Amino acid sequence: MDLKNFRETAHHFVDWMADYMEHIEQRPVKPKTRPGEILAQLPEKAPEKPEAMDHIFQDFQNIIMPGMTHWQHPNFMAYFPANASPPSILAEMLTSTVAAQCMSWQTSPAATELEERVMDWLRDMIGLPQNFHGVIQDTASTSMFVAFLTARERVNNFRTNHTGLVDAGRHCCYASAEVHSSTDKGIRMAGLGSDNLRKIPVDENFALIPAELEKAILADLEAGHTPTCVVATLGSTSLSSIDPLAEIGEICKKYNVWLHVDAAWAGSALVLPEFRWMITGIENADSFVFNPHKWLLAQFDCSAFFVRDKGALIRTFEILPEYLKTREGDQVNNYRDWGPQLGRRFRALKLWFVIRSYGIEGLQNHIRRHIAMTQALAAQVAADPDFELLAPNPLALFCFRYHPEGYPEQKLDALNETLFEAINDTGKLYLTQTRIRDSYAIRLVSGAEATQPRHLEQAWVLIKQIARQLPLD
Ligand code: PLP
């Protein structure tokens, strides 16, 4: 592609991008694609000859777009949001044009130093202590994995990196029963074994019970095992429960166990001073993660990982063959030594663009607005005699079920599953489901930048309308 063609096509694409954002509401939020439908439209073999960009773009519009789920749609209320704000998109355009591989300071000094600066900004914006150091990972799952590996090495005096785990005994990790599955995955990847993950019981608010945590640690010590890492969750995936960090932190300090705080989604709410109560006791945490790519308008992938002892992190990951040595040595940060990846994208640019173009106030307004809208809708759901909330809802997520008066408890799961599928089949609203105390629950999260109060109102009208048309046998 020559540069003249590139320039014209890129201008055309930018028009398409702006039109996409402007008219996204007219699209179904979730496609009705059947499995294999897209694959059947794609040739089995790669083309031998070059194809014109016009032709490729036509196929993008005709084959790919109809099979896309629109995460930026105002009626996307499933999973957690994955916001892509216009400033973030613009930064990503520049990032992909400069296309630097930012593994070391020397391979792009500006990328490294900007990452250092914006991570300090973020740390201060969410109220973490000054002695936390930040690095951008791709996801919270990777951040969790990094935390487990660093915890494993610290507790073994950095020996197991060399010896492996053969003679190291059992390493036990602890998390609430509501913890995200990336904990289970991280434990497997770190070689600690999922049998050694203790799922600690939760209280009536679905928060980890500290006394139960201490009991589990003591039992493992008694058995000669090595308590290695505790994961405290702020904003659990199913229902946004918040673990009591201060008490958990005291226990971790007492038994010298690494404390990782997983605030993948809810961490963004810490830009609001009124939500800083969630991190009371954070000074005892060893690592903390939240994903600006979820709720803070910097698009995927952008996971903000903070660690208190960056020396332990670097000692866990640093490997320095001759071909990676640079003369700046320890004077600079080489983020390749802060996690599993050697090659790294320039992710700090989008954070810089987002933070500067919204300002802290703009980001606070965005988060506050979603919490207020969701709380207002949750109150309406709670007030309807045919519906019930199934858990506390401190942030911008609530779980509910349809429970018509007198309808038998044992049939509620099936009724709500039918309701849930019928809602999503409309293509007008996208929700996800979970289980709460063994009941089927429908889960609604508001976080897309395009979502306005009217979208939540319309969602509620749609939910009620579909529910009331369901046959009650
Ligand atoms: N932790 C929590 C609480 C989550 O909700 C999620 C995903 O939604 C994750 C971790 C994993 O996030 P990621 O997709 O960035 O790995």
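A few comments on the model shown:
- Shape class of region 340-381 from the Cα gyration tensor (axes a ≥ b ≥ c, square roots of the eigenvalues): oblate, since a/c reaches 1.5 or more and a/b does not exceed b/c.
- Accessible solvent surface per residue of the chain, calculated while the other protein chains remain in place, 1.4 angstrom probe, Å²: 47 Å²
- Ratio of Rg to Rh for region 1-54: 1.09 [Cα atoms; Kirkwood radius as inverse mean 1/r over pairs].
- Ellipsoid semi-axes in whole angstrom, largest first, where each is sqrt(5λ) of the Cα gyration tensor of region 165-241: 22, 16, 7
- In sequence order, calculated HN-Hα J values of region 301-311 (Karplus, 6.51, -1.76, 1.60; Hz; x Gly/Pro): 10, 6, 10, 8, 10, 10, 9, 7, 10, 5, x
- Considering every alpha-carbon pair of region 88-152, the percent of pairs per 10 Å bin, from zero through the bin containing the longest distance, is 17, 41, 36, 6.
- Scattering from the chain was approximated by placing one identical point on each alpha carbon and applying the Debye formula without solvent; log10 I(q)/I(0) at 0.07, 0.08, 0.09 1/Å stands at -0.42, -0.54, -0.69.
- Placing R0 at 35 angstrom, the Cβ-Cβ distance between Glu22 and Met189 gives a FRET efficiency of 0.25 after rounding to 0.05.
- Summarising the strand pairing of region 186-297, around 20 percent of its internal DSSP beta bridges are antiparallel.
- One Cα centroid belongs to region 155-182, the other to region 56-100; the line between them spans 37 Å.
- Net charge of the neighbourhood of Leu259, taken over other residues with C-beta under 13 Å away and scored Lys/Arg +1, Asp/Glu -1, is -3.
- P(r) for region 347-414, from all Cα pairs and a bin width of 5 Å, is 3, 15, 17, 13, 12, 10, 9, 7, 6, 5, 2, 0 %, short bins first.
- Rounded to the nearest 500, the 222 nm mean residue ellipticity of the chain from helices alone is -13000 deg cm²/dmol, with -39,500 (n - 2.57) taken per DSSP H run of at least 4 residues.
- Our compactness index for region 8-115, the C-alpha radius of gyration over the empirical 2.2 N^0.38 Å, is 1.36.
- The chain, accessible surface, carbon-and-sulfur percent (1.4 angstrom probe): 54 percent
- DSSP bridge analysis restricted to region 223-365 gives an antiparallel fraction near 40%, rounded to the nearest 5.
- Between the amide H of Thr233 and those of Ser176, Asp243, Asp262, distances stay under 5 Å, these residues lying 5 or more places away or on another chain, with hydrogens modeled in the peptide plane.
- Share antiparallel - DSSP beta bridges, the chain, percent rounded to 5: 55 percent
The values are calculated or read from the model by the stated rules, or taken from the named source; none is laboratory data. Because the structure is predicted, anything quoted here is derived from the model rather than measured. Cβ atoms come from the backbone with ideal geometry, glycine included; neighbour counts cover every protein chain shown. Ligands, DNA and RNA are excluded from the accessible area calculation, which covers all protein heavy atoms including side chains. Shrake-Rupley method; radii C 1.70, N 1.55, O 1.52, S 1.80 Å.
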